[in-house]
Ligand code: HPA
């Protein structure tokens, strides 16, 4: 896609939302990942817009990803929740994965709360636990900013120091603890997927300092930082990584765990919106 066409698509998507909900300008964005569709915070006066009604929006193809934009209010703040995201392994381009986030920035968000299912690389970080992301290792070998530079998006070479805002993370961890949810802090290694990693890759990621592995987050964090949006990411462990003890959770166990995690996450999001 040409950069001009891309910018046109972002503007069109934002204009569509502005037309559907006149005067709505969210300050906080939330992206709900795999298994977390039920974690939508308790919004007042909400409007639901299916992604299929937003021109230029990619289509979700993964079961369990709902494909809806939910706009509403909580604690006097305006909030935009993306129930479902786009993944590189589905065939979406890196710039299209970033499109919803860029649209949210055009609508006004200053802070984004990313969530995602991940595998654990550490014995002590177990399925069902949360991990607040401190930093990442981009093992996708792709960058969403490549060939899509436009001044209105920000710098061509944005730095990624404190990409995961330390102050916001402290608040997120405190809220998790308040609700007695098991929470750690750790480094996210991003892979393309869709295959899982080999045991040798997991040993390498552990040696590099990675704590969790996932197939999303990074293509959203990079453009968010370029646009000056503050980022916090809270991941949940759906499985131990390849080659590790207890690594073979079956799919129905993962879904069950996701439903339980969603309940906790909804409480965290409700509180986070107040303190963000
Ligand atoms: N690897 C990569 N991505 C994942 C995993 C994993 O083990 N679990 C959930 N997302």
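Computed from the coordinates by the stated procedures, all read-outs in this text should not be read as laboratory data. All figures in this text were calculated on a predicted structure; none of them were measured in a lab. Using ideal geometry, Cβ is built from the backbone for each residue, glycine included, and neighbour counts are taken over all protein chains shown.
Please work out which residue is surrounded by the most Cβ atoms within 10 Å (Cβ to Cβ), limiting yourself to the stretch 229-248 and to residues that are more than 9 Å from the ligand (Cβ to nearest atom) and assigned to a loop (DSSP other than H, G, I, E, B).
Within the stretch 229-248, the match that is surrounded by the most Cβ atoms within 10 Å (Cβ to Cβ) is 229.
Kindly establish whether residue 183 is buried (at least 18 other Cβ atoms within 10 Å of the Cβ) and either in contact (Cβ under 8 Å) with a residue 60 or more places away in the chain or within 11 Å of the ligand (Cβ to nearest atom) (or both).
Values: buried (at least 18 other Cβ atoms within 10 Å of the Cβ): yes; either in contact (Cβ under 8 Å) with a residue 60 or more places away in the chain or within 11 Å of the ligand (Cβ to nearest atom) (or both): no.
No, not satisfied.
Could you grab me the full set of residues in the stretch 245-275 that are over 19 Å from residue 183 (Cβ atoms) and touching a helix residue (DSSP H, G or I) at 6+ places or on another chain (Cβ under 7 Å)?
We begin by selecting, within the stretch 245-275, every residue over 19 Å from residue 183 (Cβ atoms); these are 245-256.
The answer is none; no residue qualifies.
Of the residues 219, 223, 199, which single one is in contact (Cβ under 8 Å) with a residue 12 or more places away in the chain and surrounded by fewer than 23 Cβ atoms within 10 Å (Cβ to Cβ)? Write out each step before concluding.
Details: 219 fails: surrounded by fewer than 23 Cβ atoms within 10 Å (Cβ to Cβ); 223 fails: surrounded by fewer than 23 Cβ atoms within 10 Å (Cβ to Cβ).
Testing whether each residue is in contact (Cβ under 8 Å) with a residue 12 or more places away in the chain and surrounded by fewer than 23 Cβ atoms within 10 Å (Cβ to Cβ) leaves just 199.
What residue, among those in the stretch 17-49 that are part of a helix (DSSP H, G or I) and out of contact with any strand residue (DSSP E or B) (no Cβ under 8 Å at 6 or more places or on another chain), is farthest from residue 82 (Cα to Cα)? Full working, then the answer.
The first filter runs over the stretch 17-49 and keeps only residues part of a helix (DSSP H, G or I), leaving 17-20, 37-39.
From what's left, out of contact with any strand residue (DSSP E or B) (no Cβ under 8 Å at 6 or more places or on another chain): 18-19, 38.
Numbers: 18: 16, 19: 18, 38: 12 Å.
Filtering the stretch 17-49 for residues that are part of a helix (DSSP H, G or I) and out of contact with any strand residue (DSSP E or B) (no Cβ under 8 Å at 6 or more places or on another chain), the one farthest from residue 82 (Cα to Cα) comes out as 19.
Could you grab me the full set of residues in the stretch 5-49 that are surrounded by 20 or more Cβ atoms within 10 Å (Cβ to Cβ), touching a helix residue (DSSP H, G or I) at 6+ places or on another chain (Cβ under 8 Å) and more than 14 Å from residue 106 (Cα to Cα)?
30, 31, 32, 34, 35, 36, 39, 40, 41
Looking at the stretch 146-163, which of its residues are within 17 Å of the chain's Cα centre (by Cα) and under 25 Å from residue 89 (Cα atoms)? Full working, then the answer.
Here is the first cut: in the stretch 146-163, the ones within 17 Å of the chain's Cα centre (by Cα) are 160, 162-163.
The answer is 160, 163.
Which condition does residue 271 not pass, out of (1) crowded, with 23+ Cβ neighbours inside 10 Å; (2) assigned to a helix (DSSP H, G or I), if it passes all the others?
Among (1) crowded, with 23+ Cβ neighbours inside 10 Å; (2) assigned to a helix (DSSP H, G or I), residue 271 violates only (1).
Of all residues in the stretch 179-200, which are on the phi < 0 side of the Ramachandran plot and part of a loop (DSSP other than H, G, I, E, B)?
Across the stretch 179-200, the qualifying residues are 179, 181, 182, 191, 192, 194, 195, 196, 197, 198.
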